[in-house]
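A short reminder: the numbers here are calculations on the coordinates, not readings from a lab. Worth saying up front: this structure is predicted, and the values here are computed from it rather than measured. Please note: Cβ atoms are built from the backbone with ideal geometry, for glycine as well, and neighbour counts cover all protein chains shown.
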Amino acid sequence: MPMEKYKYMSNVWKDGIFDNKVVFCTGGAGSICSAQVRAMVHLGANAAIIGRSVEKTEKMARDIETARKGSRVLGLGGVDVRDPEALAKAAERTAKELGSIDFVIAGAAGNFLATIDQLSPNAMKSVIDIDVLGSYNTVKATLPYLVESAKKHKTDGRAPHPHGTGGRIIFVSATLHYSGTALQTHASVAKAGIDAMSVAVAIEQGPKGITSNVIAPGPIRDTEGIARLAKGESETAKAIPSGRYGTVKEIADATIYLFSDAGNYVNGDIIVVDGGHWHTSGVK
Ligand code: HXC
């Protein structure tokens, strides 16, 4: 006897699940965010990536476009997330040229190693401005489009929406502030602020169909962050229960989960993708 189709089956992990959807990503030319966007494009989305460098952003957009034949990826360079007007224009252009903004990744960040006594007021302010205000500016610029998208995609809680999902935000944070990290006062404060922002957005905007979540990557191979901050995989991996650094693909996988039907009821949460690293902080 043929098995009855399981009626609550999610339509995840298949080609085309993000067909006709648009993802808007700040920091999109960076190693982690470009992998997140590339995975979305591979599964059907079009995208706009936003960055400070015109050349790097444009080059990455062309590269991501190769993830799927016929995809469109706008490389919106020359945009600093600390500039709300520039971000608003980028969002407007994205919606105009690509038709909507269904997903947002707030990924732009600044970081370096410095003790608090080495940290100038301007250095502290720069990181807070890029990470916290930049994430706020990103949400402000895109929220009206996300609310429109959410109206079209709100699920009834029993079955996947026939036209997929939309109205979703992911903030890219870190685990630095869970147990305290030396040389990272600026980034820890900034990432704690981002975590708090995500929960507030989830609670406030959830009734409109918006979901807001955080992905907190641990040490990830081949990223600018890890090149700037860590000693090297062979040394750091000793404190990671999974015994190795993560990969950008593993951050992309968490992104697909949160943006797909599988993540419909996940809201105001933090997904830590770090091989269990933060649990061992302090164990040397
Ligand atoms: C101390 C520093 C510094 C350093 C910059 N500053 N680098 N202070 N140590 N290494 C100070 C400057 O002297 C200046 O203060 C102030 O910061 C602003 O610097 P500017 O270069 O003028 O400004 P701006 O370009 O706007 O911002 C600088 C920046 C940014 C924050 C360093 O350019 C940046 O981070 N870019 C790299 C992006 C990056 O690394 N992304 C990955 C993030 S990884 P004064 O007082 O001199 O004016 C991440 C994950 C963390 O976030 C978790 C990993 C596990």
**Prompt:** Which Cα, out of Leu146, Gly225, Gly70, lies furthest along the positive dipole direction of region 22-280 (beta carbon charges, K/R +1, D/E -1)?
**Reply:** Gly70
**Asked** Taking Cα centroids, how far is region 238-267 from region 94-152 in Å?
**Response** 20
**Request:** Using the structure shown, list the pairs from Lys14/Lys238; Lys59/Lys152; Lys21/Lys140; Lys59/Lys238; Lys69/Lys191 with a Cα-Cα distance above 30 Å, or answer none.
**Result:** Lys14/Lys238; Lys59/Lys152; Lys59/Lys238; Lys69/Lys191
**Fill in**
Taking Lys and Arg as +1 and Asp and Glu as -1, residues besides Leu87 with C-beta under 14 Å from its C-beta add up to 0
**Request:** Just report the Cα centroid separation between region 64-86 and region 174-199, whole Å.
**Result:** 27
**Item:** Over the chain: helical MRE at 222 nm, DSSP H runs n ≥ 4 each giving -39500 (n - 2.57), nearest 500
**Value:** -12500 deg cm²/dmol
**Request:** State whether region 179-274 is rounded, prolate or oblate according to the following rule on the C-alpha gyration tensor (a ≥ b ≥ c being the square roots of its eigenvalues): a/c under 1.5 gives rounded; otherwise a/b larger than b/c gives prolate, and the remaining case gives oblate.
**Result:** oblate
**Fill in**
If every Lys and Arg gets +1 and every Asp and Glu gets -1 at its Cβ, then about the Cα centre region 22-280 yields a dipole, in debye to the nearest 20, of 460
